[in-house]
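Below you'll find the structure, written out as structure tokens, and then a few comments.
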Amino acid sequence: MANDYAIRDYLENWYRPNLRVKNRDTCTPLGPWFVDAADVPDPMALALRTTVNGTVTQQGNTRDMIFDAPFLIEYFSRFMTLSPGDLILTGTPDGVVDCKPGDVIVTEIDHIGALQNTIQGKA
């Protein structure tokens, strides 16, 4: 099993350069609906893609995750309480791009659906 420090070090150093890109006001959109676990036969075999203004910028599959869902649940349960309905946000495939006001982002998961958002300027 992976060392806790190695996991934390990996996650902090891998994602830190993208913090400004991924964390903006009104970000972390979810939906347009949630799917019951029973409706997803294999959560570790879901194709994902993101387009920005119609151009594919990210493409991947949950089977390519560094740590699978059961491991992440067990790991986080060591130091925090997880309750039904909690979300664990794990990141995205390579291809993060800087988006500007007016850009249309569509994130899609095969057999589940698509989420479309338009980046808004500051109010």
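The values are calculated or read from the model by the stated rules, or taken from the named source; none is laboratory data. Keep in mind that what you see is a predicted model, and the values were worked out from it rather than measured. When we count neighbours, we look across all protein chains shown, and the Cβ atoms used for this are built from the backbone with ideal geometry, even at glycine.
Could you run through the range 37-66 and say how many residues are exposed (fewer than 14 other Cβ atoms within 10 Å of the Cβ) and either touching a Phe, Trp or Tyr at 6+ places or on another chain (Cβ under 8 Å) or hydroxyl-bearing (Ser, Thr, Tyr) (or both)?
So the count comes out to 2.
Exposed (fewer than 13 other Cβ atoms within 10 Å of the Cβ), in a loop (DSSP other than H, G, I, E, B) and without any contact (Cβ under 8 Å) to a residue 60 or more places away in the chain: does that describe Pro101? Write out each step before concluding.
Values: exposed (fewer than 13 other Cβ atoms within 10 Å of the Cβ): yes; in a loop (DSSP other than H, G, I, E, B): yes; without any contact (Cβ under 8 Å) to a residue 60 or more places away in the chain: yes.
Yes; evaluated as a whole, the condition is true for this residue.
Please go through the range 64-88 and pick out each residue that is over 21 Å from Arg49 (Cβ atoms), in a loop (DSSP other than H, G, I, E, B) and among the acidic types (Asp, Glu).
Of everything in the range 64-88, just one residue is over 21 Å from Arg49 (Cβ atoms), in a loop (DSSP other than H, G, I, E, B) and among the acidic types (Asp, Glu), namely Asp86.
Is it the case, given these coordinates, that Gly91 is within 17 Å of Ile119 (Cβ to Cβ), of a type in the set (Gly, Ala, Ser) and assigned to a loop (DSSP other than H, G, I, E, B)? If you could, list the steps in order and put the result at the bottom.
Values: within 17 Å of Ile119 (Cβ to Cβ): no; of a type in the set (Gly, Ala, Ser): yes; assigned to a loop (DSSP other than H, G, I, E, B): yes.
Answer is no for this residue.
Would you mind stating whether Val56 is β-branched (Val, Ile, Thr), assigned to a loop (DSSP other than H, G, I, E, B) and more than 11 Å from Ile109 (Cα to Cα)?
Numbers: β-branched (Val, Ile, Thr): yes; assigned to a loop (DSSP other than H, G, I, E, B): no; more than 11 Å from Ile109 (Cα to Cα): yes.
The answer is no for Val56.
So, Ala69, is that one on the phi < 0 side of the Ramachandran plot, of a type in the set (Gly, Ala, Ser), modelled with pLDDT under 90 and surrounded by 13 or more Cβ atoms within 10 Å (Cβ to Cβ) or not?
On the way: on the phi < 0 side of the Ramachandran plot: yes; of a type in the set (Gly, Ala, Ser): yes; modelled with pLDDT under 90: yes; surrounded by 13 or more Cβ atoms within 10 Å (Cβ to Cβ): yes.
The answer is yes for Ala69.
I need every pair where a residue in the range 35-50 that is under 18 Å from Ala114 (Cα atoms) has its Cβ under 9 Å from the Cβ of a residue that is among the polar types (S, T, N, Q) and at pLDDT below 90, sequence separation at least 6 or different chains.
Qualifying pairs under 9 Å: Leu48/Thr92; Thr50/Thr92.
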